[in-house]
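Working notes, structure below.
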Amino acid sequence: MRAGDRENKGSAVASGRVAAKAEASRHALVEVAIERLLTHSLDGLASLVNPSVLARTSETVSVDTAYRLLESPEATLALVVESVASPEFSAPKIGWNALEEVTRRGVETHDEGVALESAAAVLRHFLEANFSSPARPLGRILDAAALTASAEWHGELAIREERRELALQILEARRASNQSIADNMRWIGQEAFAELRRRPKPGLTMDSIVMLLHSLADGAVDRMLISPGCMSLDEVVSAMIELAMALSEDGSMSDPRTPDNEDGRRVFTELVATADNFWSGGGRMETIAEASIQLDTSLETLMVLFPTINHLADSVLRVRTIASGIDPGALEPMNVLLAASLRRLARAADTIPAVVRYASDINEEHSVLNELCQLAASIASNVGTAVEPQRLAEQLVSLASQGTSQIETVELLLEMLRETPK
């Protein structure tokens, strides 16, 4: 080998060693960077909301005033977290609409048409809000900074102990925020299930289904923001609806007569469906003894579930009217659920009038018509109507029980419940 070749080879080896050493050093620095991002992220966030920085940026208050109002970077960060967790928080200047406003617009999107199409429109509205609201990126920033303080985190790298309390406070606020979103989304599932006469499968609840749907939506929105064009909103909405259908089954989830065991639940659901088909076809059965013959079920078995024909009718009407039950919630979604339930009651009065008549004779707290009265009275009390709440509620249910010929009057009365809460 010539001297020049030996020199070139030696130089290449030396260069390779230098490059390898540089790469190893670079990798070591990246590891430190990752470690610091995971363990010191809250330091970075706190520095961004330092009162003095905020005062100079806002140009509206002095530094001294900012410290008097906010106390410290940590207290400021905690105040931000607490504020944005509220569904009532809004900041129009930066394009942040209150969650309640998003819900109100979702209610306006809803109509009494085909249940799945209506649910799809409302879901799409909620998803679209994620692509412009500052709540989305801020939530992800806060999540990333605090996740290693979670009880479910088992990695070696974690938030520093002196920041753990603040991290836990952030996680608690984020849980509250997620719950607010779930509460505001829940009515969509309630209404769709009521219209489709479905309930969660055994072992599931409406809350668990909403949480799974929310998780699917969150993951899909994150993926779409990171990889634009990877999927469409229509595909996400369709997947959410298919998941909801897969996690549910025919029947009412709110009927207090439903047995706890699986076999009893199945028999109960089949009897209610068979009775519905019989009455819908124009058949007559006026006593539970007649029902046992028409439903081909022993009288003893039937009476354990339905002591009288009125109780059987109540369960049939419940599936047709408010299959997903009634739960407290925001005023506008509750108005939607009440109005839709009354429309379904009116349709039932047209198609199975005997069932509505029998169900009307039950004066029990958990009968479906009493539950509708309770919901209407509760809304009326919150709004503060000129008419006594209980009287207005009874009028609404009584009119709807007479059939669709009274729907216009029902709608006029419902307008009284859409006023500004007192």
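Quick notes on this one:
- Every condition in (1) without any contact (Cβ under 8 Å) to a residue 60 or more places away in the chain; (2) open to solvent by 50 Å² or more (accessible area, probe 1.4 Å) is met by residue 256 except one, and the failing one is (1).
Rundown of residues vs (1) of a type in the set (Gly, Ala, Ser); (2) touching a residue at least 12 places away in the same chain (Cβ under 8 Å); (3) in contact with a Ser or Thr (Cβ under 9 Å, 6 or more places away or on another chain), yes/no style:
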residue: 202; (1), (2), (3): no, yes, no
residue: 212; (1), (2), (3): no, yes, no
residue: 229; (1), (2), (3): yes, no, no
residue: 266; (1), (2), (3): no, no, no
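- None of 25, 118 is among the polar types (S, T, N, Q), crowded, with 19+ Cβ neighbours inside 10 Å and modelled with pLDDT under 90 except 118.
- Checking each residue in the range 402-420 for being outside any helix (DSSP H, G or I), in contact (Cβ under 8 Å) with a residue 40 or more places away in the chain and open to solvent by 30 Å² or more (accessible area, probe 1.4 Å) picks out only 402.
Yes or no, residue by residue, for (1) of a type in the set (D, E, K, R); (2) surrounded by 15 or more Cβ atoms within 10 Å (Cβ to Cβ); (3) touching a helix residue (DSSP H, G or I) at 6+ places or on another chain (Cβ under 9 Å):
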{"site": "142", "(1), (2), (3)": "no, yes, yes"}
{"site": "186", "(1), (2), (3)": "yes, yes, yes"}
{"site": "189", "(1), (2), (3)": "no, yes, yes"}
{"site": "201", "(1), (2), (3)": "yes, no, yes"}
{"site": "209", "(1), (2), (3)": "no, yes, yes"}
{"site": "215", "(1), (2), (3)": "no, no, no"}
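- Counted residues, the range 40-58 - those being assigned to a loop (DSSP other than H, G, I, E, B) and either of a type in the set (A, V, I, L, M) or open to solvent by 40 Å² or more (accessible area, probe 1.4 Å) (or both): 1
- Beta carbons closer than 8 Å, at least 6 apart along the sequence or on distinct chains, pair a first residue in the range 278-301 that is within 15 Å of residue 357 (Cβ to Cβ) and among the aromatic types (Phe, Trp, Tyr) with a second that is assigned to a helix (DSSP H, G or I) and open to solvent by 20 Å² or more (accessible area, probe 1.4 Å) for 279/354.
- Pairs where the first residue, in the range 125-141, is closer than 22 Å to residue 234 by Cα and the second is open to solvent by 30 Å² or more (accessible area, probe 1.4 Å) and hydroxyl-bearing (Ser, Thr, Tyr), C-beta under 9 Å, 6+ apart: 125/109
- The helices (runs of 4 or more DSSP H) falling completely within the range 197-290 that include 1 or more residues that are touching a strand residue (DSSP E or B) at 6+ places or on another chain (Cβ under 7 Å) map to 206-226, 262-280.
- Residue 126 vs. criteria in a loop (DSSP other than H, G, I, E, B) and within 20 Å of the chain's Cα centre (by Cα): no
- Look at the range 45-58: where a residue is within 13 Å of residue 81 (Cβ to Cβ) and a partner is of a type in the set (S, T, N, Q) and surrounded by 19 or more Cβ atoms within 10 Å (Cβ to Cβ), sitting 6+ places away or on another chain with Cβ atoms under 6 Å, you get 49/76.
- Just one of the listed residues (194, 220) is farther than 30 Å from residue 315 by Cα and surrounded by 12 or more Cβ atoms within 10 Å (Cβ to Cβ), namely 220.
- Members of the range 302-311 that are open to solvent by less than 60 Å² (accessible area, probe 1.4 Å) and part of a helix (DSSP H, G or I): 302, 305, 309, 310, 311
Residues checked against (1) surrounded by 15 or more Cβ atoms within 10 Å (Cβ to Cβ); (2) within 32 Å of the chain's Cα centre (by Cα); (3) among the small types (Gly, Ala, Ser):
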site	(1), (2), (3)
277	no, no, no
280	no, no, yes
290	no, no, no
313	yes, yes, yes
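- In this structure, residue 163 does not satisfy being touching a residue at least 60 places away in the same chain (Cβ under 8 Å), on the phi < 0 side of the Ramachandran plot and surrounded by fewer than 16 Cβ atoms within 10 Å (Cβ to Cβ).
- Filter pass, residue 125 being farther than 30 Å from residue 47 by Cα, in contact with a Ser or Thr (Cβ under 9 Å, 6 or more places away or on another chain) and surrounded by 15 or more Cβ atoms within 10 Å (Cβ to Cβ): yes
- Residue match in the range 371-393 (condition: assigned to a loop (DSSP other than H, G, I, E, B), at pLDDT 90 or above and either over 19 Å from residue 406 (Cα atoms) or of a type in the set (Lys, Arg) (or both)): no
- Filter result (in contact (Cβ under 8 Å) with a residue 24 or more places away in the chain and open to solvent by 30 Å² or more (accessible area, probe 1.4 Å)) within the range 68-83: 74, 80, 82
- Residue 341 meets the conditions (1) within 28 Å of the chain's Cα centre (by Cα); (2) open to solvent by 20 Å² or more (accessible area, probe 1.4 Å); (3) of a type outside the set (A, V, I, L, M) in every case but one. The failed one is (2).
- Looking across 167, 158, 151, 120, one residue alone is part of a loop (DSSP other than H, G, I, E, B) and touching a helix residue (DSSP H, G or I) at 6+ places or on another chain (Cβ under 7 Å). It is 158.
The values are calculated or read from the model by the stated rules, or taken from the named source; none is laboratory data. Not measured: the values here are computed from a predicted model. Backbone-built Cβ (ideal geometry, glycine too); neighbour counts: all protein chains shown. Note: areas computed on protein heavy atoms with side chains; ligands, DNA, RNA excluded. Shrake-Rupley method; radii C 1.70, N 1.55, O 1.52, S 1.80 Å.
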